[in-house]
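Please read the structure below before turning to the comments.
FYI, it's all coordinate maths here, none of it is from the lab. Owing to the predicted nature of the structure, the values given are computational and were not obtained by experimental measurement. When we count neighbours, we look across all protein chains shown, and the Cβ atoms used for this are built from the backbone with ideal geometry, even at glycine.
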Amino acid sequence: MNEPAAPFSFPAGPRGPMPWHAAQFARDTWGFLASCRERFGDTFTLDLPGGGKWVFLTDPEHVKQVYTGDPRIFHAGEGNSILLPLLGKHSVLLLDEKPHLRQRKLLLPPFHGKRMAGYEELMRQISRDTIDAWPTGTPLKAWPQMQAITLEIIMRAVFGVQEGARLDRLREALETLMAEVTKPRTMMLIALMGEKRFARLPAVQRRLRAVDEVLMPEIAARRLVSDLDERNDILSMLLQARDEDGELMGDRELRDELMTLLVAGHETTATSLSWALERLVRHPEALQRLQDEVRAGESDEWMTAVIRETMRLCPVISITVRELQEPVEIAGHRLPAGARVVPCIHLVHRRPDLYPDPDAFVPERWLGQNPGTYTWIPFGGGVRRCLGASFALFEMKVILGEIVRSMDLQTTTAPGERMRTRAITRTPGGQAEIVVARRPEVRAPEPVAVAAG
Ligand code: HEM
């Protein structure tokens, strides 16, 4: 006779109704999560919007169980559904199982680590064009500047460098749309109305149309060019990509994936860069060492350490979410279908057993040390690990390198900036304020090579 299944149970968590949990989580994500771990241990349950309970996991073994688990059981699409109005239903971020794998395979080639060198000149030029205009001696909010640089880079990497006027329209439409959808009241509205009804609101439709009015003709026009196979922008590559059955992507699919790359690919990177600057101006020795390394142009060991440490301490995305399609036993609890399991990037990165003095910014900890697959997870993991991770790491090195190579930044003893929630990302509350102290007479020579990863 079969053993009766164990009853369902959830790890302990704070009391209070769902809106209270949601408000704490939105207001002070990092503080709230830290206090939950202190009270309830490595695994705890929160009642957040979206149906089932959310079980937070901070032990790398449990994180591994989720990231390497059967994609039929651990669905991410439902967990990311808040992005549906923006990205569209074909987005790789919103699909699961076979359709997800198909889109992921189609999207992978342009993001292969080996291709990164091809984007270097573009990244360098765009960074210079922006930072050369920065004033000296007055406070400057770095975050909008980083946003402008990374948006320009991803737009040009996606569409190619030639498309001037159309890119101007796209930039404007995207900036307006992003400003609207990342407002706290918009997030609240989506949570209350559900994403499908929200997407049908006339104001939302209007803003999405403005973006589509650039994207769709661009796709149609690009299909007609005769030198597609000689172009190396991402759109041209995606137009030629075929799935296992030899099928090309349709226009709607392409639109949703372009939108995914444009949205997922710039704000995250800009925010990570802003945190790096926020940390560096408060750590004069680390900043000086970075400047020396970049100006010598011989190695990027310290740069790599600075970026890894920034992404450990200030992960832009604090959690990844999977919705269970079948009961699963995890962390000693049998969880029902519908529950959400949540590898908690922020808390894994603050484990003192993995990272001694976990709240301190210590790039030295990465010298001679590679990140662990389930202990350093700013890009998530498994079959859904960030497609743009190599691109983002490479881009951060180029942009940060250009900044410290071409100017001296003033250091500060001001307290660190608090985390502010912006849609699903966590940004520096003061927008990473910096002061350019001085520009050297001559720009230091370019580094010989910038390694990805
Ligand atoms: C510092 C910058 C970035 C961070 C911190 C970041 C973080 C993440 C995380 C945590 C995930 C996993 C979500 C999950 O498991 O549910 C993810 C997925 C993804 N990211 Fe990124 N990302 C960054 C940059 C980029 C860039 C530059 C691109 C593209 C140009 C990109 C495209 C994507 C895509 C397409 C996915 C979905 C992968 C899938 O579902 O198979 N990201 N990213």
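Below are the figures for this structure:
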quantity: Label-reachable residues, the range 343-358, where backbone N falls under 12 Å from a point 7 Å from Thr375's Cα toward its Cβ; calculated: 349-356
quantity: Helical mean residue ellipticity (222 nm; -39500 (n - 2.57) per DSSP H run of 4+; nearest 500) of the chain; calculated: -14500 deg cm²/dmol
quantity: For Cys386, Cys36, order by how many other beta-carbon atoms lie within 10 Å, fewest first; calculated: Cys386, Cys36
quantity: Counting DSSP beta bridges with both ends in the range 18-438, the antiparallel % (nearest 5); calculated: 85
quantity: Trypsin sites (Lys or Arg not before Pro) within the range 229-274: DSSP coil, no more than 13 neighbouring Cβ in 10 Å; calculated: Arg242
quantity: Sequence-distant aspartates and glutamates (8 or more away, or on other chains) whose Cα lies within less than 12 Å of Lys89; calculated: Glu78, Glu195, Glu253, Asp256, Glu257
quantity: Loop-located GluC sites (Glu not before Pro) in the range 146-245, at most 13 other Cβ atoms within 10 Å (DSSP); calculated: Glu244
quantity: Qualifying aspartates and glutamates (Cα of each under 13 Å from Cα of Lys397; at least 8 residues distant if same chain); calculated: Glu120, Glu121, Glu293, Asp300, Glu301, Glu446
quantity: With 10 Å bins from 0: P(r) over the range 104-174, alpha-carbon pairs, percent; calculated: 16, 42, 32, 8, 1
quantity: Karplus-derived 3J(HN,Hα), 6.51/-1.76/1.60, for each residue of the range 227-238, Hz, glycine and proline x; calculated: 10, 3, 6, 9, 7, 10, 7, 5, 4, 4, 5, 5
quantity: Pairwise centroid distance, computed over Cα atoms, of the range 315-388 with the range 59-136, Å; calculated: 16
quantity: FRET efficiency, 1/(1 + (r/R0)^6) with R0 41 Å, evaluated for Ala6 and Lys141 via beta carbons; calculated: 0.15
quantity: Shape call, the chain: gyration tensor on alpha carbons, a/c limit 1.5; calculated: oblate
quantity: The chain: DSSP helices with Cα axial extent of at least 27 Å and average Kyte-Doolittle hydropathy no lower than -0.5; calculated: 202-224
quantity: Cα Rg, Dmax, the range 32-179, angstrom units; calculated: 20.5, 56
quantity: Shape call, the range 372-421: gyration tensor on alpha carbons, a/c limit 1.5; calculated: oblate
quantity: Exposure proxy ranking, count of Cβ atoms within 10 Å, fewest first, for Arg207, Arg312, Arg365; calculated: Arg365, Arg207, Arg312
quantity: Kirkwood Rh (inverse of mean 1/r, distinct Cα pairs), the range 313-453, angstrom; calculated: 18.4
